1. Pick out, from B:54, B:4, B:28, the residue whose Cα sits farthest towards the positive end of the charge dipole of chain B, with +1 on the Cβ of Lys and Arg and -1 on the Cβ of Asp and Glu.
2. Give the relative contact order (percent, whole number) for chain B; include only Cα pairs under 8 Å separated by 6+ residues.
3. Using only atoms on other chains, find how many Cβ atoms lie within 10 Å of each Cβ of peptide B:105-112 and report the average.
4. For residue B:51, what charge total do you get from the other residues with a beta carbon under 13 Å from its beta carbon, if Lys and Arg give +1 and Asp and Glu give -1?
5. Apply the Debye scattering formula to chain B, with a single equal point scatterer on each alpha-carbon and no solvent, then give log10 I(q)/I(0) at q = 0.14, 0.18 Å⁻¹.
6. Note the per residue figure in Å³ for the convex hull of the C-alpha positions in the protein assembly as shown.
7. Provide, for q = 0.11, 0.13 Å⁻¹, the log10 of I(q)/I(0) from a solvent-free Debye sum over equal Cα point scatterers in chain A.
8. If you count, for every residue in B:84-92, the Cβ atoms of partner chains within 10 Å of its Cβ, what is the mean?
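Laboratory data are not the source of any read-out in this text; all were calculated from the coordinates shown. Computed from a prediction, not measured in an experiment: that's the story for all the values here. Glycine gets a Cβ as well: all are built from the backbone with ideal geometry, and neighbour counts include every protein chain shown.
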Amino acid sequence: GEDVEQSLFLSVREGDSSVINCTYTDSSSTYLYWYKQEPGAGLQLLTYIFSNMDMKQDQRLTVLLNKKDKHLSLRIADTQTGDSAIYFCAEILPVEYGNKLVFGAGTILRVKS
Amino acid sequence: NAGVTQTPKFRVLKTGQSMTLLCAQDMNHEYMYWYRQDPGMGLRLIHYSVGEGTTAKGEVPDGYNVSRLKKQNFLLGLESAAPSQTSVYFCASSYGSRGFGQETQYFGPGTRLLVL
């Protein structure tokens, strides 16, 4: 079955690190994604990781993947007020299923100045 | 490139009315998708298309129909709107290949629909 779970809310102080966690269930997923949604806006792709990687770093973002536990995390270093948004974890099903993305419910990140 | 665009941005309907949401992409993508976003539920796939002239059901297809007559356009229709269809609708598109980095979906800005 397909299921992606995330914690609902995270609050951090400006300058601290944020860690958003996600678990998924479909072991055939080839890519896992993090999307950011600001209020009233569409989804913006933040980063993605291929399923045979353990870690990917992209400026302030670090993605860690534990394939054995089906656990994905997004770390944002030096969190800024502009990082306040909803963050969605998503896994992609194989091409024979139309490259379907299965999303988590989203984690609201609030950054306090 | 405009990317993925959606019209309209916002619409209010009465129960039983019909409407069509339009999605257009100028990236020559093969695959297109319609999602709905409801509070606390993330995005759920309504219908998708793997090429011009093809459509397939997603997770929550009931009450919706779609058409992909042209590669660049994907239409989502509500024949008889219900309050349960109040939501934000997102269109997305992707290349449709398994090549590295080509499975990314690009999203439109969304259409807010309120059904009274």
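1. Highest projection toward the positive end goes to B:4.
2. Details: 304 pairs, mean separation 40.0, N = 116.
34 percent.
3. Values: counts 9, 4, 8, 2, 4, 5, 0, 1.
Mean shielding by partner chains, rounded to a whole number: 4.
4. On the way: positive: B:68, B:70, B:71; negative: B:30, B:52.
Net charge around residue B:51: +1.
5. Reported log10 I(q)/I(0), two decimals: -0.52, -0.86.
6. Working: hull volume 27.8 nm³, N = 229.
Here the figure is 121 Å³ per residue.
7. After summing over all Cα pairs, the log10 values are -0.33, -0.45.
8. On the way: counts 0, 0, 0, 0, 3, 0, 3, 1, 4.
What the average comes to for B:84-92 is 1.
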